[in-house]
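Only one structure is covered here, and it is reproduced in the block below.
The values are calculated or read from the model by the stated rules, or taken from the named source; none is laboratory data. Only a predicted model underlies this, so the values are computations on that prediction, with no experimental measurement involved. Cβ placement follows ideal geometry from the backbone for every residue including glycine, while neighbour counts extend to all protein chains displayed.
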């Protein structure tokens with residue numbers, strides 16, 4: 001049965017047709033009927049199940065309020081460019097499941113993109129008590145309230161327990177030194193000395209996001225609290241970059257290709273050619289459990305290993321918010337309030353597999369019925385929000401050549417340039433990017 | 001009567017002309033306009049879009065990454081065009097000849113055409129991934145190599161040419177070849193068979209028939225084909241972007257990918273527009289020759 005409850009199942013063919021039409025023709029413009037709102041969200045978990053569940057919630061809300069919610073899926077493959085277009089005046093829904101508030105707010109200004117809803121904030125009187133504080137940062141910008149965080153992406157460490165046991169290791173790596181030990185023990189080579197299984201990948205294929213927690217674990221911060229001054233020319237940068245560089249070249253446990261677009265850590269992990277991922281995106285464990293029963297009992301999660309300053313875990317959030325240009329703010333706020341009720345947040349968390357920013361949801365049975373979910377809960381205690389107080393942040397950490405963090409990583413780790421000089425150059429570039437927004 | 005015919009012709013061409021203007025010409029002009037403004041998405045809110053003259057062009061043309069992308073674009077396009085035409089001439093002869101199983105061969109040659117470039121890029125990314133490549137596995141099993149070839153990530157270069165560049169070039173050739181073959185085949189089938197019969201009677205060898213009959217009569221078609229391939233090659237995006245994102249170390253980065261990265265990664269639509277402006281100028285020059293060749297052919301006819 002659907003985690004969204006006992007609601008009518010629509011034929012898969014209808015959903016598939018709708019998805020096809022949506023992806024072919026683009027998303028529809030807002031409806032003209034006053035009692036209708038258009039709502040977009042990215043898909044999570046099983047696509048058809050997700051869409052069916054969201055439609056069911058929309059039907060329930062219509063029954064309760066009389067407002068019809070036209071729900072449309074915005075596929076991840078086009079999500080970023082779509083939100084970028086929305087922030088520049090492109091066709092937008094009335095409200096949506098959004099992310100990267102700081103950048104899109106800065107781009108849209110007071111014309112387009114996310115709309116502050118400060119006057120409605122009192123509809124959630126216990127926000128600070130019910131939600132993790134880190135997640136609330138992702139729905140606030142420059143002191144304004146933009147909506148309700150509903151999903152988190154907290155990133156623990158993931159490793160192959162069967163391979164660790166084969167190597168005579170028990171328990172999870174606790175420190176950076178342990179990471180080296182585990183990765184070395186689980187790296188395998190053929191008779192010619194070629195690596196057939198890499199011991200570790202720092203994180204997912206989005207390599208800049210993979211780097212960030214190591215920098216935090218070494219005690220670094222990227223910028224001052226006002227978002228105006230870059231603060232990466234420090235020992236933490238040198239420690240984090242040197243650590244990953246050594247994993248690649250000295251210990252030879254991380255593929256020298258890990259920064260190339262063709263490298264896919266998730267596929268490598270599934271294929272058994274990668275034993276450990278230092279910072280694992282929140283969607284992976286659920287997908288692994290759902291789609292790879294053959295690996296049951298062969299993998300586990302752990303709180304990220306500790307660097308010199310802590311065990312910080314990368315964390316991001318998505319939020320339900322309202323878009324500028326809509327004339328249906330109140331209807332949207334009502335819909336968001338409906339979605340943010342404890343029971344619906346529970347349904348959303350279960351359906352998506354994403355951790356919930358609501359404390360009561362994370363305390364539920366669902367988030368403690370397997371070992372890996374318990375670890376996700378433990379990792380929340382170490383979460384460090386990935387949002388930063390500058391609209392330039394998303395450009396700074398873009399995962400392709402040309403962004404400050406990517407280039408810094410590539411020069412220091414792959415090209416083995418002098419780390420100190422690389423960091424100094426990156427500091428200057430980052431400062432120029434931060435100045436770009438304000439000067 | 002003549003006037004009615006003319007109106008009918010204009011009516012027939014109007015829909016496609018309208019689409020071309022709305023979806024092609026206007027966005028292109030808008031993009032050119034942006035290339036002369038400061039159009040930084042992170043600054044538009046506070047600083048607007050002031051006119052900056054050719055500053056964006058200067059920035060882009062002095063960016064080592066862009067210069068590298070220009071060189072890569074020209075190199076990859078040159079390789080693709082040369083190889084695809086050479087192979088196209090050969091395979092068109094194969095498709096034109098009469099033998100048992102010709103239909104099957106035709107289908108096989110045309111098959112890559114049915115695969116959209118985006119899908120082709122995704123498939124070949126897997127085929128060429130270092131650790132999971134079936135090609136590497138086959139070569140290893142055959143004892144030809146003793147370590148995996150890094151098709152998409154080897155940074156060693158010889159005269160600026162690397163294995164990733166050759167890999168991407170090969171996929172573009174694979175994906176573009178059927179179009180060229182069909183194009184040339186159409187030309188071959190327009191050559192009267194009597195000319196070959198006359199050549200045979202005069203004792204011309206197969207090579208001489210190809211050299212003195214086929215090639216001269218295909219020349220107009222090959223000219224058009226060359227220009228079309230150059231135009232599409234200069235602006236090519238998807239295979240390079242999906243397979244390597246321009247890496248490693250910018251070795252497969254092309255101008256269109258550079259423009260995309262400026263716009264959507266760095267939010268610099270002004271630099272992206274300037275890079276696109278350079279693409280426009282290069283393709284514009286090629287188009288000039290294309291249109292001139294078309295007009296000349298029309299006059300000759």
Name the residues in segment A:422-432 that are under 16 Å from residue B:266 (Cα atoms) and either in a loop (DSSP other than H, G, I, E, B) or more than 23 Å from the chain's Cα centre (by Cα) (or both), would you? A:426, A:429, A:431, A:432
In segment A:303-351, what residues are out of contact with any helix residue (DSSP H, G or I) (no Cβ under 8 Å at 6 or more places or on another chain) and at positive phi? A:325
Please state which one of A:321, A:297 is more than 14 Å from chain B (Cβ to nearest Cβ), more than 28 Å from residue A:435 (Cα to Cα) and either at pLDDT 95 or above or surrounded by 18 or more Cβ atoms within 10 Å (Cβ to Cβ) (or both). A:321
May I ask you to verify whether residue A:400 is out of contact with any strand residue (DSSP E or B) (no Cβ under 9 Å at 6 or more places or on another chain) and either surrounded by fewer than 21 Cβ atoms within 10 Å (Cβ to Cβ) or within 14 Å of chain B (Cβ to nearest Cβ) (or both)? yes
Which one is surrounded by the fewest Cβ atoms within 10 Å (Cβ to Cβ) among residues in segment B:96-147 that are more than 20 Å from residue B:169 (Cα to Cα) and in contact (Cβ under 8 Å) with a residue 12 or more places away in the chain? B:96
Among the residues of segment A:77-95, write down those that are within 13 Å of chain B (Cβ to nearest Cβ), over 16 Å from residue A:116 (Cα atoms) and in a loop (DSSP other than H, G, I, E, B). A:88, A:89, A:90
Give the residues of segment B:216-254 that are away from every other protein chain (no Cβ under 14 Å) and outside any helix (DSSP H, G or I), sorted by residue number. B:235, B:236
If I filter segment A:37-46 for residues that are exposed (fewer than 14 other Cβ atoms within 10 Å of the Cβ) and either more than 21 Å from residue A:319 (Cβ to Cβ) or at pLDDT below 95 (or both), do I get at least one hit? no
Residue A:58 in a helix (DSSP H, G or I), within 14 Å of chain B (Cβ to nearest Cβ), within 27 Å of the chain's Cα centre (by Cα) and at pLDDT 90 or above: no
For segment A:243-301, name all the residues that are under 23 Å from residue A:371 (Cβ atoms) and assigned to a loop (DSSP other than H, G, I, E, B). A:272, A:275, A:278, A:279, A:280, A:281, A:282, A:292, A:296, A:297, A:298
Residue count, segment B:53-66, condition more than 14 Å from chain A (Cβ to nearest Cβ), under 22 Å from residue A:403 (Cα atoms) and without any contact (Cβ under 8 Å) to a residue 60 or more places away in the chain, comes to 3
Can you find a residue in segment A:197-208 that is in contact with a strand residue (DSSP E or B) (Cβ under 8 Å, 6 or more places away or on another chain) and more than 29 Å from residue A:398 (Cβ to Cβ)? yes
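Each row is one residue, and each column tells you yes or no for (1) in contact with a helix residue (DSSP H, G or I) (Cβ under 9 Å, 6 or more places away or on another chain); (2) buried (at least 16 other Cβ atoms within 10 Å of the Cβ).
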position: B:12; (1), (2): no, no
position: B:28; (1), (2): yes, no
position: B:35; (1), (2): yes, yes
position: B:72; (1), (2): yes, yes
position: B:83; (1), (2): yes, yes
Filtering segment A:85-116 for residues that are out of contact with any strand residue (DSSP E or B) (no Cβ under 6 Å at 6 or more places or on another chain), on the phi < 0 side of the Ramachandran plot and surrounded by fewer than 22 Cβ atoms within 10 Å (Cβ to Cβ) leaves a count of 7
Name the pairs: first residue in segment B:27-47 and within 12 Å of chain A (Cβ to nearest Cβ) and within 22 Å of residue A:395 (Cα to Cα), second residue at pLDDT below 90 and outside any loop (DSSP other than H, G, I, E, B), Cβ to Cβ under 6 Å, at least 6 apart or on different chains? B:41/A:107; B:42/A:106; B:42/A:437
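Please work out if residue B:179 is under 20 Å from residue B:119 (Cα atoms) and within 14 Å of another protein chain (Cβ to nearest Cβ). Working first, answer last.
Working: under 20 Å from residue B:119 (Cα atoms): yes; within 14 Å of another protein chain (Cβ to nearest Cβ): no.
No; evaluated as a whole, the condition is false for this residue.
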In segment B:255-277, the residues that are touching a strand residue (DSSP E or B) at 6+ places or on another chain (Cβ under 7 Å) and part of a helix (DSSP H, G or I): B:262, B:270
Can you pull out the residues in segment B:148-165 that are closer than 21 Å to residue A:267 by Cα, touching a residue at least 24 places away in the same chain (Cβ under 8 Å) and either loosely packed, with under 15 Cβ neighbours inside 10 Å or at the interface with chain A (Cβ under 8 Å from one of its Cβ atoms) (or both)? B:152, B:153
